[in-house]
Amino acid sequence: MTLHFFARTLDPAKFDRIVISPRGYFVFTPLLASTSVGTLEFRAVLEPVRRLPGGVRFYQGWADDVDFSRKVIRVEANAVDGLPSEVLSSTVPVKQEAKKGEIFNVEYDKLVIAVGAYSQTFGITGVREHAHFLRDVGDARRIRLRVLSLFEQCSYPTSPAGGSSSTHVAGGSLSEADKRSLLHFVIVGGGPTGIEFAAELHDLIHEDLKRLYPELMPLVRITVYDIAPKVLPMFDQALAQYAMDTFARQGIQVRTQHHLERVRIADGALGSAHGGLSIKIKEYSEEVNAGLVVWSTGLMQNPFVEHLVGKEFALAEDTDHQKGQDAQRRRLVKDAKTGGILTDAYLRARITDNEASQPHDTAGATAKPVMPDVFVIGDCAVNEHDRSLPKTAQVAAQQAGYLAKHLNKATHNGSLDSVDVSSTWKPFKFRNWGTLTYLGGWKAIHQSSADELRGWVAWVVWRGAYLTRSMSLRNKMMVPVYWFVSWVFGRDISRF
């Protein structure tokens, strides 16, 4: 989404735009939760890279390294066969090992790093292997298939009273207790993504699946676990409490100050045949069983960024003597707290300047030089003048728009290389247009510096905001069409 907005805003008449990405599409992430339950179809939130207005050169592959002195990016082609939703994900930092693509180099004049981030697992055992994430269309598709599969499995006749699937052969009938375990949906993380997924899942179950599986409704549970004292910490107390009260009325359980310690496959056929999970929570003496765990607890840096901030390099303008003596002393400045790349007020990457400079930066340190041809935006960037900026789509989109518009203006009267950015550009300043979160049942909350909204009115604002921010005219047409289709005919529950 960030890269799409930047590339779309950048003037194709002034720049030869080159996009490098392991996937051939952009994703409008704020509506991913809606696609995971069928409120929207996946293609309504996708836009092919090659459809950028004005044309674009696109290389589908992984950026492995950057030679900053030669201005060359090393790329590994994405040679994996199959559906992108099956082989690509921005969830965990794992590159496909089955096939290796060819390695090639791409030269650049100006480099914009906007690789995003991965889901943070905090090293908790079993999360990476057994939990579902919600960062890409492939993640949403897997969640959707799992939810529908669980209801289908639990629709089979119940085993005799007192029986358990753990005592039956794989694929045998499930007891009521087993069905109750499989129909327990756990969301870990009380931020907007986790809350909106819980709300969308509630709508799917009570607006569509309730009519098709009425006998299963008494067994269904949705639980949100969070380590913090309250969910939605970016909202004030009144709106966060409204969200809690709304969930309570809907039957969604919210458990704050709970610490998840392990996720594993459940014992017996419940786990081996039906994919059931057992969750160890610090505050409970016994494990909690679930059929689905969705993980949404924060972000960790992309391995590409981790590699860049860890490498030493020379700059093209260094003298021959410096290349021999000081070349290995330059590094990108890494933010000590997040691991992201530190930028100046104009989104240029900060670098160390001499042997005494430290690769890790702390607030208040002496300003370091920048690489004038390397910009960093989105989740992997940390602005030294406002380190508190949230890692949200709104911030990333504003950074993308700011950078593209200033680059366009800089080339209006001459070469971009001759522009003194510090004296001609205005520093980037984030304008908070408000925070929105959907709560289910046509209710939402909205908070901005001007007002606070809740309920149906906030839901109208929520839908209107995301519709207008959709990436292309095609998306802006498809999203309301699928909203209407889902409202009239219900969500599509086909499994494919």
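Side notes on the structure shown:
- A dipole drawn for the chain from +1 and -1 charges on Cβ atoms has a positive end, and of Ala228, Trp462, Gly268 the residue lying farthest that way is Trp462.
- Helix 192-204 and the long axis of the chain differ in direction by around 40°, with both axes built from C-alpha atoms.
- For the stretch 384-397, 3J(HN,Hα) per residue [Karplus equation, 6.51 cos²θ - 1.76 cosθ + 1.60, θ = phi - 60°, Hz, x = Gly/Pro]: 5, 8, 7, 6, 8, 4, x, 8, 10, 4, 5, 5, 4, 5
- Computed from Cα positions, the angle between helix 473-489 and the longest principal axis of the chain comes to roughly 10 degrees.
- The C-alpha atoms of the chain occupy a region whose extents along the principal axes are 82, 45, 43 Å, arranged from largest to smallest.
- Net charge dipole size for the stretch 113-271 [Lys, Arg +1 and Asp, Glu -1 on Cβ; Debye, nearest 20]: 200
- Convex hull of the stretch 127-297 built on C-alpha atoms - directionally averaged projected area, nm²: 10.0
- Whole-percent pair-distance distribution, where bins are 5 Å wide, for the alpha carbons of the stretch 96-141: 4, 12, 14, 16, 21, 15, 11, 5, 1
- Computed magnitude of the charge dipole of the chain (debye, nearest 20; Cβ of K, R +1, Cβ of D, E -1): 880
- Debye intensity ratio I(q)/I(0), log10, the stretch 3-67, q values 0.30 Å⁻¹ (C-alpha model): -1.24
Values in this text are rule-based calculations from the coordinates and carry no lab data. As the structure is a computational prediction, the values presented were derived from the model and not from experiment. Neighbour counts run over all protein chains shown; Cβ positions are idealised from the backbone, glycine included.
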